[in-house]
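Here the structure comes first, spelled out in C-alpha cells, and everything after it is commentary.
The numbers here are math on the coordinates, done by the rules we state, and not lab data. Owing to the predicted nature of the structure, the values given are computational and were not obtained by experimental measurement. Neighbour counts are summed over all protein chains in view; Cβ atoms, including those assigned to glycine, are modelled from backbone coordinates with ideal geometry.
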Amino acid sequence: MLEIKNLHVEVEGKKILDGLSLTVKAGEVAAIMGPNGSGKSTLSYVVAGREDYEVTAGEILLEGENILEMDASERAARGLFLAFQYPVEIPGVGTMTFLKSALNAQRKSRGEPELQTPELMKRVREAAKRLEISQDMLKRALNVGFSGGEKKRMEILQMALLEPKLAIMDETDSGLDIDALRIVAQGVNTLRAKERAFLVITHYQRLLNYIKPDTVHVMAAGRIVKTGGPELALELEKNGYRDYVSEAA
C-alpha cells in the first residue's frame, strides 16, 4: 500500500528525515513511536503533500505510484487521508457544507456521481451516531468551539465518510481524555479492512491499547531504527527511547 524508500527531507536547510524507509501493507495497522524531534509529524506532512518541506532524495509510493509530484488534493483523490494532531477551526464554513464538498470532490475524481443531500444526510447521521457526534455539532461551523475530543471525533467522521485507502493518524491521542480516546479508537477500528491501511503516529502505548497495531516502528533522528510487533510498544513504555536515540546519534 505505502512504500517509502530512502526519504531525505529538509526544512530551511535543516535535515529532518535522514534516509527513512518504511513499508505498510494493505490491511495493516502500523504504529510509529519515537521521541519529540524524531521527525514523526514531518513524515506525515510530507506523505500528505504539505508544502514547505524539501524532499532532497527518495520516493513515496502509494499502491506502486510515486506521489511526490502530486499536490495534496491529488494525493487525497488517490485515497490518502491525514488526521491532524491539532485540527483547525474554519469559521464561516458549515460542517455539513464541508463534508458534502469533500465527499463529492472525491467521488468526482473517481468518476462517480455526486451524492444528493438526502443520501448524504443519511450517511453522516449514521456515522455521527457511532462517534457520539451530536446533531448540534453538525449544524455549526467546522470545529469552531469544539473541544479537543470533539475535533478528533469530527476528523474520524470525515475519514469514515471518505473511506480512504491509507489513513495517517498524527498523534490523534493528544489532548484526549479516556472516554474521547475510546470513542475515537472505536471509530478507527470499525474502518479496519483488508483493502485499507493505517499509519498511527504516537508517543504513548495507551492509544495502542485501543487500536491494536500489527507492526510497531521506532523512529529516531529522522529514520526507522527498529521494527517489531505490538510487544515493542510495551518495551518502549517500560524503558523509554534512550537506547534507540543513542543508536541513531
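Quick notes
- Sites Glu237 and Lys212, calculated FRET efficiency, Cβ-Cβ separation with R0 25 Å, nearest 0.05: 0.95
- Set against the 2.2 N^0.38 Å expectation for a compact globular protein, the chain has a Cα radius of gyration ratio of 1.00.
- Sequence-distant residues sharing a close amide H with Gly19 (under 5 Å, placed H): Leu7, His8, Val9
- Shape analysis of the stretch 126-184 based on the Cα gyration tensor places the equivalent ellipsoid semi-axes at 17, 15, 11 Å, largest first.
- Note on the stretch 160-225: Cα convex hull, mean projected area over all directions, 5.1 nm².
- Spin-label pair Ala141/Lys122, simplified geometry with 7 Å Cα→Cβ offset, distance in nm: 3.3 nm
- Ranked Val225, Val188, criterion: other C-beta atoms within 10 Å, fewest first: Val225, Val188
- The separation of the stretch 4-80 from the stretch 185-249, counted between C-alpha centres, amounts to 17 Å.
- Sum of -39500 (n - 2.57) over DSSP H runs of 4+, divided by residues of the chain (222 nm, nearest 500): -11000 deg cm²/dmol
- Cβ-Cβ distance of Leu191 and Glu69, R₀ of 22 Å, FRET efficiency by 1/(1 + (r/R0)^6): the value works out to about 0.20.
- Among the trypsin sites (Lys or Arg not before Pro) found in the stretch 102-192, those both in a DSSP coil and sparsely packed, with 13 or fewer other Cβ atoms within 10 Å of their Cβ, are Arg110.
- Remark: for residue pairs Lys108/Lys152; Lys15/Lys212; Lys129/Lys152; Lys100/Lys122; Lys100/Lys212, the C-alpha separation exceeds 23 Å in Lys108/Lys152; Lys15/Lys212; Lys100/Lys212.
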